[in-house]
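Heads up: the structure comes next, in structure tokens.
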Amino acid sequence: MLINMEKKKTIALFLFAHQDGEFGVFQKITDEIVQKNEVYCAYLTNGSFGGVPPERRNQESLVVLSQLGVKKENIFFPGYDFLIPDGCLPEYLGVCLDWIKNWLSIHANLAVIYIPAWEGGHQDHDALHAITVDVADRLGILTQVWQFPLYNACHCLGPLFRVLHSLPENGKNNSVEISLQNLFRFLSYYLSYPSQFKKWRGLFPFVSFYYLINGTQILQPVSKKRIF
């Protein structure tokens, strides 16, 4: 009698505040898929900023994630389901906390969670970070959580900001080199967010500069003491 001893795939969960937030971890999504881990992605606001329909933003991220190799059935939009507006995540902390906690309770074999960094770049990013750290700490899985930088104004003047640069206060950098092939592939994905043209018109030069000069994916550990 033959017994199927195939090992169950481990899970990598990516949590985003907004559709297009995946731009900060293209390399890690790719890495997890190459390692044959089961990748899940979830968005905790509906992304309807500036009058853009949330359905359109959902579709844009679905296209990019599909190109990266994420299964459509592994992509969730709780922010859309719970009608959480872009920019208002701090007002829905309880709803988001319950969703994350419930999701984790029914998905075994969790290996890692990736979340936006605690960096003051956007209130939704920081709210999602704080919620996830709190849940992970209660569940005893804080060491399985990693943060990725998106944008912050550290050492910048006026309205200027830095993209994909980590804050030293968030801990030691864990850097992964991005191949030249992936670098140009990732840059091409930024054309897949036409609803966010004005935003990406400002972000794209900084992202391109970072990729070309640094060419790394940065991750940092998380700390409850850093937040609470």
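The values are calculated or read from the model by the stated rules, or taken from the named source; none is laboratory data. Note that the structure is predicted; figures quoted are calculated from it, not measured. Note that each Cβ is placed from the backbone with ideal geometry, even for glycine, and that neighbours are counted across all protein chains shown.
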Checklist entry - Is it the case that segment 20-40 has a residue that's basic (K, R), under 28 Å from V207 (Cα atoms) and surrounded by 15 or more Cβ atoms within 10 Å (Cβ to Cβ)? => result yes
Next on the checklist: Looking at G94, G87, G69, can you tell me which residue is surrounded by fewer than 18 Cβ atoms within 10 Å (Cβ to Cβ), modelled with pLDDT of 95 or more and closer than 30 Å to G158 by Cβ?
Outcome noted: G87
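Looking only at residues in segment 8-39 that are over 11 Å from the mean Cα position of the chain (by Cα) and assigned to a strand (DSSP E or B), which one is farthest from L128 (Cα to Cα)?
Top of the filtered list is E38.
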Checklist entry - Filter segment 206-220 for residues that are within 20 Å of the chain's Cα centre (by Cα) and part of a helix (DSSP H, G or I); which is surrounded by the fewest Cβ atoms within 10 Å (Cβ to Cβ)? => result S208
Checklist entry - So which residues in segment 181-215 are free of Cβ contacts under 8 Å to residues at least 60 places away in the same chain, closer than 28 Å to S48 by Cα and of a type in the set (S, T, N, Q)? => result S188, S208
Item to check | Sole residue being over 27 Å from I227 (Cβ atoms) and surrounded by fewer than 19 Cβ atoms within 10 Å (Cβ to Cβ), chosen from S175, S179, S195 | outcome: S179
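Just checking, does segment 198-217 include any residue being within 24 Å of A111 (Cα to Cα) and either in contact with a helix residue (DSSP H, G or I) (Cβ under 7 Å, 6 or more places away or on another chain) or of a type in the set (A, V, I, L, M, F, W, C) (or both)? Show your work before the answer.
First pass over segment 198-217, keeping only residues within 24 Å of A111 (Cα to Cα): 216-217.
Next cut, either in contact with a helix residue (DSSP H, G or I) (Cβ under 7 Å, 6 or more places away or on another chain) or of a type in the set (A, V, I, L, M, F, W, C) (or both) only: 217.
Yes; the residues of segment 198-217 include at least one that is within 24 Å of A111 (Cα to Cα) and either in contact with a helix residue (DSSP H, G or I) (Cβ under 7 Å, 6 or more places away or on another chain) or of a type in the set (A, V, I, L, M, F, W, C) (or both).
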Item to check | Filter result (assigned to a helix (DSSP H, G or I), closer than 19 Å to G215 by Cβ and among the basic types (K, R)) within segment 145-198 | outcome: R185
